[in-house]
Amino acid sequence: MTFLCYHDMEKRIILGGGCFWCIEAVFQRLKGVQSATSGYIDGHVQHPTYREVCTGTTGHNEVVAIQYDSSLISLDQLLEVFWSVHDPTTLNRQGADKGTQYRSGIYFDSEEDQGIIQQSIIDVAAKLWDNPIVTEVKPASTFYPAEQYHHNYYNRNDYAGYCQIVINPKLAKLRTGFSNLIKKEYSEGERKF
């Protein structure tokens, strides 16, 4: 008989779907997600700054590294939410955010995850969206956490215009389509800081 230790269920997936504030706000609300950390991946500059990444010249993507307990939420479930809260058919753009740093991307740690991702593109994403999926799928390279002021951004600034106009509709979509996956402390009408 094989016994799994808790750490065997701890997994990581890195997702890029436009501004990392949006992706962070959505995924930190999901049961089983232990952390959602905004940062940068897939570029050619070590320890990039937000200002450098915003130029579009470093090659980095704005992403969120998601640590999760696979006994509480599956990669399939995380990906279903991902496909639902951003547009994976627009190249280097999400809404008004334009540039390679806003590209749709999934960065994985294992071949098993790669297979799950590829199947999710076929089974979920392609059925949700009419246009071809342009999400890049790659092994994770070095992840650089963003500057501290980017972390937990929505929870600290939910009154800001960008949060009201861009992030709130994504959270409404999450509540409507995935209410069974939301942590109790993030249920509608409650705030967590």
SER71 - would you say it is over 21 Å from LYS138 (Cβ atoms), surrounded by fewer than 23 Cβ atoms within 10 Å (Cβ to Cβ), touching a strand residue (DSSP E or B) at 6+ places or on another chain (Cβ under 9 Å) and among the polar types (S, T, N, Q)?
no
Any chance the range 177-187 includes a residue that's surrounded by fewer than 15 Cβ atoms within 10 Å (Cβ to Cβ) and under 22 Å from HIS47 (Cα atoms)?
no
Test for ASP113: is it among the charged types (D, E, K, R), assigned to a helix (DSSP H, G or I) and surrounded by 17 or more Cβ atoms within 10 Å (Cβ to Cβ):
yes
List, please: which pairs have Cβ atoms under 8 Å, are six or more places apart or on different chains, and start with a residue in the range 100-123 that is over 23 Å from GLY43 (Cβ atoms) and end with one that is surrounded by 13 or more Cβ atoms within 10 Å (Cβ to Cβ) and not hydrophobic (A, V, I, L, M, F, W, C)?
ILE116/ASP76; SER120/ASP76; SER120/GLU80; ILE121/THR135
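How about the range 49-63: which of its residues are under 15 Å from THR135 (Cα atoms), out of contact with any Lys or Arg (no Cβ under 7 Å at 6 or more places or on another chain) and either part of a strand (DSSP E or B) or among the hydrophobic types (A, V, I, L, M, F, W, C) (or both)?
So in the range 49-63, the residues under 15 Å from THR135 (Cα atoms) come out as 60-63.
With out of contact with any Lys or Arg (no Cβ under 7 Å at 6 or more places or on another chain) added as a condition, the list becomes 60, 62-63.
Result: GLU62, VAL63.
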Run ILE13 past the list (1) over 18 Å from the mean Cα position of the chain (by Cα); (2) at pLDDT 95 or above and report the number of the one that doesn't hold.
(1)
Complete set of residues in the range 134-183 that are in contact (Cβ under 8 Å) with a residue 12 or more places away in the chain, within 21 Å of CYS54 (Cα to Cα) and assigned to a helix (DSSP H, G or I)
HIS150, TYR153, TYR154, TYR162, CYS163, VAL166, ILE167
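The values are calculated or read from the model by the stated rules, or taken from the named source; none is laboratory data. Quick caveat: nothing in here was measured; it's all calculated off a predicted structure. Methodologically, a virtual Cβ is constructed for each residue, glycine included, from the backbone with ideal geometry; neighbour enumeration extends over all protein chains shown.
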